1. For the chain, find the longest principal axis of its Cα atoms and tell me its angle to the long axis of helix 102-123, 0 to 90°, nearest 10.
2. Taking the Cα-to-Cβ direction at Val116 and at Tyr132 and moving 7 Å from each Cα, how far apart do the two end points lie in nm?
3. For the chain, modelled as a Gaussian network with Cα springs under 10 Å, which listed residue fluctuates most, Arg11, Arg83, Arg70?
4. With the contact rule set at Cα under 8 Å and sequence spacing of 6 or more, what percent relative contact order holds for the chain?
5. Given [x] 230; [y] 160; [z] 93 as candidate values of volume of the Cα convex hull per residue in Å³, which corresponds to the one derived from the coordinates?
6. Please compute the alpha carbon radius of gyration of the stretch 36-116, then divide it by the globular-protein estimate 2.2 N^0.38 Å. Two decimals is fine.
7. Compute the acute angle (0 to 90°) between the alpha-carbon long axis of helix 36-64 and the principal axis of greatest extent of the alpha-carbon atoms of the chain; round to the nearest 10°.
8. How far is helix 3-32 tilted, in degrees, relative to the longest principal axis of the Cα atoms in the chain, given as a value from 0 to 90 rounded to the nearest 10?
Amino acid sequence: MTKMNKLRQTRNQIVKLTFILGVLITIILCIFFDDKLGIIFGTIFGTFISILNFIELEKTLIKASVMKPRNAQSYTTKHYFLRYGIIAIVVLISIKANYINEYATIIGLLLLKFVVIFTNLFNDKEYFKRIYRKEG
């Protein structure tokens, strides 16, 4: 398997898990809160933007990997601020639009980060052994 295929496979797995977790979180939030439509719109909005930002990050890193270091640093920095600007706009839209629950949007934006952290954390059994190994 080539590196690009492995990268795509990892990306697709993370996106799929994020989508599944987004659906589960939406259902759980709708059970406990009254603003069901706002929660649905918020989690879909936040999750969708989070996934798009993740795909943009992948494209940025692939393109930067073939650039000269100085150009790559400038390019990745610009795209970093672009992605965070998009997140800020999404949060502002969810605050201003009374049909979108802003807390659900933020949860949707964070879902992909949790998926990445937990899939990598629980994928490596040696990680836990290193944490609990006694230093002597």
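1. 30
2. For the pair Val116/Tyr132, the computed spacing is 2.8 nm.
3. Top of the fluctuation ranking is Arg70.
4. Relative contact order comes out at 35 percent.
5. [y]
6. It is 1.26.
7. Rounded to the nearest ten degrees, it is 20.
8. 20
The numbers here are math on the coordinates, done by the rules we state, and not lab data. Predicted, not measured: the structure shown is a model, and the values here were computed from it. Here the Cβ is made from the backbone with ideal geometry for all residues, glycine too, and neighbour counts use every protein chain on show.
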